[in-house]
1. Mind checking which residues of the stretch 14-37 are assigned to a loop (DSSP other than H, G, I, E, B), touching a helix residue (DSSP H, G or I) at 6+ places or on another chain (Cβ under 8 Å) and either surrounded by 13 or more Cβ atoms within 10 Å (Cβ to Cβ) or at pLDDT below 95 (or both)?
2. Does PRO43 satisfy the condition of being at pLDDT 95 or above, open to solvent by 30 Å² or more (accessible area, probe 1.4 Å) and farther than 19 Å from GLY146 by Cβ?
3. Within the stretch 64-111, restricting attention to residues that are within 25 Å of ALA150 (Cβ to Cβ) and of a type in the set (Asp, Glu), which residue is modelled with the lowest pLDDT?
4. What pairs come up if the first residue lies in the stretch 33-53 and is farther than 11 Å from LEU16 by Cα and without any contact (Cβ under 8 Å) to a residue 40 or more places away in the chain, the second is open to solvent by 20 Å² or more (accessible area, probe 1.4 Å) and of a type in the set (Gly, Ala, Ser), and their beta carbons are under 6 Å apart, counting only those six or more places apart or on different chains?
5. Among VAL94, VAL127, which is surrounded by 13 or more Cβ atoms within 10 Å (Cβ to Cβ) and over 19 Å from ALA153 (Cα atoms)?
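The values are calculated or read from the model by the stated rules, or taken from the named source; none is laboratory data. All figures in this text were calculated on a predicted structure; none of them were measured in a lab. Cβ: placed from backbone, ideal geometry, glycine included. Neighbour counts: every protein chain shown. Only protein heavy atoms, including side chains, enter the accessible area calculation; ligands, DNA and RNA are left aside. Shrake-Rupley method; radii C 1.70, N 1.55, O 1.52, S 1.80 Å.
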Amino acid sequence: MPLQLTGPRPAPIPLLRTAEVPHPERAIARGELARIRPGVYAPAEAWHDLAPWDRYLARVHAVTLGYPDAVFSHESAAALVGLPVFGDPMVVHVLQHPLGRSRLASGIRVHTHRGEREILEVGGLLVTGILDTAVDLARSRHRAIGLSVADAACAPTPRSGLPPCARATSSASVSGGAPSRDGR
C-alpha cells in the first residue's frame, strides 16, 4: 500500500477493563467512570470532554480490547488510520468471512464481503485498505461524507508525494485508462 502508516491513532483516553476497576457500577453511579462498552470504562470527565470523533475512536479501541483479531472497516478503519470521521457514529464496523452473516450486536456491525479486500496490519490491528475504506464509506454514507473521506484518502502522502488513489490507478493511466463516457 502506498500510504505509509506508522501505526493506528491511539486511544484518546485511558480505557479500563472490568478487572482493573473494583465495582465499576459504583464508580459509574458516583460519576467517576463512563461505560464505553460492556466491560470497558473510561474516566467520566475525560470521556465527556472528548470531541465526538474522538469518542468514536475510543469506542473502536474499546472493541479492540475484546476482539484483537477483528478486521475494522468503514468509519472504524477511517478512525484508526486518521481519515475523517463525522460525529460519533456509535456503531463499530468489522469485516467477517464472506460465508458469515452480517449482523448488528452490542454496538458492533459485522459486514460480510465478496471479492478481494485489501487488509492492512497497522500497529497490530487489522483494517481495510485506505481505498477500500473510502469506497465503503462513499457507498454507504451521505455523498458529502464519502467525498471528504475520498478526498483525504487521495491526498498526497508526506513520504512519496503521491496520493494512494494515484498509485492505485497508475496502471490504468499508463495503459491508456478506461474510456470516457463518450467512448474516447
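1. If the condition is that a residue be assigned to a loop (DSSP other than H, G, I, E, B), touching a helix residue (DSSP H, G or I) at 6+ places or on another chain (Cβ under 8 Å) and either surrounded by 13 or more Cβ atoms within 10 Å (Cβ to Cβ) or at pLDDT below 95 (or both), then LEU15, VAL21, GLU32 are the ones that fit.
2. Criteria met by PRO43.
3. Across the stretch 64-111, the extreme among qualifying residues is ASP88.
4. Listed pairs, sorted by first residue: ALA44/GLY31; PRO52/GLY87.
5. VAL94 is the lone residue from the list that is surrounded by 13 or more Cβ atoms within 10 Å (Cβ to Cβ) and over 19 Å from ALA153 (Cα atoms).
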